[in-house]
Structures are given as C-alpha cells and as structure tokens.
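First up is the structure itself, then whatever we jot down about it.
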Amino acid sequence: MLIEINPDNINSNYINRVVDVLKKGGIIIFPTDSVYAMGCDLYNKKALEKLAKLKGIKLNKANFSIICNDFSNLSKYVKQIDKPIFKLLNTYLPGPFTFILPATNEIPKLFDSNRKEIGIRIPDNQIILSIVEQLGNPIATTSLKDEESFLEYHNDPAEIYERYAELVELIIDGGYGKLEGTTIVDCSTGAPEIIRQGLGILV
C-alpha cells in the first residue's frame, strides 16, 4: 500500500490508517528529516523480528533505534541522564540526530538482547511525529538502504515503492528524502562523541 501524505497539510485519516497497520504488526517505510526509514511498533515482537529479517539479521543482533515524538516518556527507555546531556538533546531535537544513550531494562526485554544502549531519534518531520503520537509509543526504526549495491540511500518514493512494495505493508510518500543520514552522537559513557557525521551539525 502506498499513501501520499502532505507534510504541510497532514490528513489525520491517513495517519490513523498508518497507525492501524502498525498495531497489526505491519512494517512501514516513512520519511524523516534525513533519509527514508523503515520501522514497526516497538511493542510488537513479531513485527520486530520481521524488521530484523528484512535487514538480514536476528532480532537480538539488531541495532535499531527508536523514534519518539517528544521527551515525555524518555525515562521509560533511557536511564537518568545528567543536565548537560539533557540540554544537548533539548537543543538539537527535533533534528537529524541519533543520540545513543544508556538504556533501561525495558530495552533488552523488547529486543531479546543484552543491549545497554539505545539510539533515540526525534526527527524534525511532522508526518512521523504524528504517527508516533497517535500510536502512543515509540517505533523501532532502521535506515532504508540498498544493501545489495551499498550505494546511496533511496530518496525517491516511487523508486522505494518499486523496490519494497512486496516486502512491507505500507509506504508513505512524503516527498523526496535526503541522501544523507543522521549524525550519530554517543552519549552513553559521558562526554558526547560524534561517531558518524551526517546532516546534523553540533556547534
């Protein structure tokens, strides 16, 4: 299924349809403020396993991030962080960053792993933020990348649909995406460290 959603005039009926797909265990492909990504309901184990399979890995080896719509439930997934780190998050989110933070015990249970960190995203994209808000909990996510050719990320929704229509339940056309991923900032052990420079610029 392909749904076109205008980020400047979001149709709530479309958002409800997307959320219904997520609640039923579907995988969706969606725009962010960087590259297109795919994801599923964080609390649907079968969907998490399917998402991992699409990446060619087992769930306990997956390094998925989670997308939140704000900071309100962050403490459920992230251990208490000090004021400078919270200030950093508050300054740069929403934005094209993935912040790696120390995870609570909730994360290993969800991913059947011994993960001690979790990547947190709050993209500056109203489509996915509206979906997560309506769903009522974060979604697990991974970047959409052509694993066969290891070339650029897909950014054209028509090309994405042609390649992935048979693999996922729903694709959102939110316009052309970017060709560069997020900046990944590791805050799990103290001072922030950029481990991948992407679109986001720390100043």
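Condition first: within 21 Å of VAL78 (Cβ to Cβ), part of a strand (DSSP E or B) and not aromatic (Phe, Trp, Tyr). Can you find one or more residues in the range 165-184 that meet it?
Checking the range 165-184: at least one residue is within 21 Å of VAL78 (Cβ to Cβ), part of a strand (DSSP E or B) and not aromatic (Phe, Trp, Tyr).
Quick check: anything in the range 79-98 touching a Pro at 6+ places or on another chain (Cβ under 8 Å), assigned to a loop (DSSP other than H, G, I, E, B), surrounded by fewer than 23 Cβ atoms within 10 Å (Cβ to Cβ) and of a type in the set (Gly, Ala, Ser)?
To start, the set of residues in the range 79-98 that are touching a Pro at 6+ places or on another chain (Cβ under 8 Å) comprises 79, 81, 85, 88, 94-96.
If we keep only those that are assigned to a loop (DSSP other than H, G, I, E, B) too, we end up with 79, 81, 94-96.
Going one step further and asking which of them are surrounded by fewer than 23 Cβ atoms within 10 Å (Cβ to Cβ), we end up with 79, 81, 94-95.
Filter once more, so that each one left must be of a type in the set (Gly, Ala, Ser): 95.
The answer is yes; a qualifying residue exists.
Condition test on VAL168, is it under 16 Å from the mean Cα position of the chain (by Cα) and within 17 Å of PHE71 (Cβ to Cβ)? Show your work before the answer.
On the way: under 16 Å from the mean Cα position of the chain (by Cα): yes; within 17 Å of PHE71 (Cβ to Cβ): no.
Taking the combined requirement at face value, the residue does not satisfy it.
Every residue, every condition in (1) over 26 Å from LEU179 (Cβ atoms); (2) of a type in the set (A, V, I, L, M), yes or no:
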{"site": "SER65", "(1), (2)": "no, no"}
{"site": "PHE71", "(1), (2)": "yes, no"}
{"site": "LYS79", "(1), (2)": "yes, no"}
{"site": "ILE100", "(1), (2)": "no, yes"}
{"site": "LYS109", "(1), (2)": "yes, no"}
{"site": "GLU133", "(1), (2)": "yes, no"}
{"site": "PRO138", "(1), (2)": "no, no"}
{"site": "ASN155", "(1), (2)": "no, no"}
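Taking the range 185-203, which residues are assigned to a loop (DSSP other than H, G, I, E, B) and under 19 Å from ILE122 (Cα atoms)?
Correct list: CYS187, SER188, PRO192, GLN197, GLY198, LEU199, GLY200, ILE201, LEU202, VAL203.
Determine which member of the set ILE57, ILE81 is under 25 Å from ILE171 (Cα atoms), out of contact with any Phe, Trp or Tyr (no Cβ under 9 Å at 6 or more places or on another chain) and at pLDDT below 95.
One residue alone meets the criteria, ILE57.
The values are calculated or read from the model by the stated rules, or taken from the named source; none is laboratory data. As the structure is a prediction and not an experimental result, all values here were calculated from the model. Using ideal geometry, Cβ is built from the backbone for each residue, glycine included, and neighbour counts are taken over all protein chains shown.
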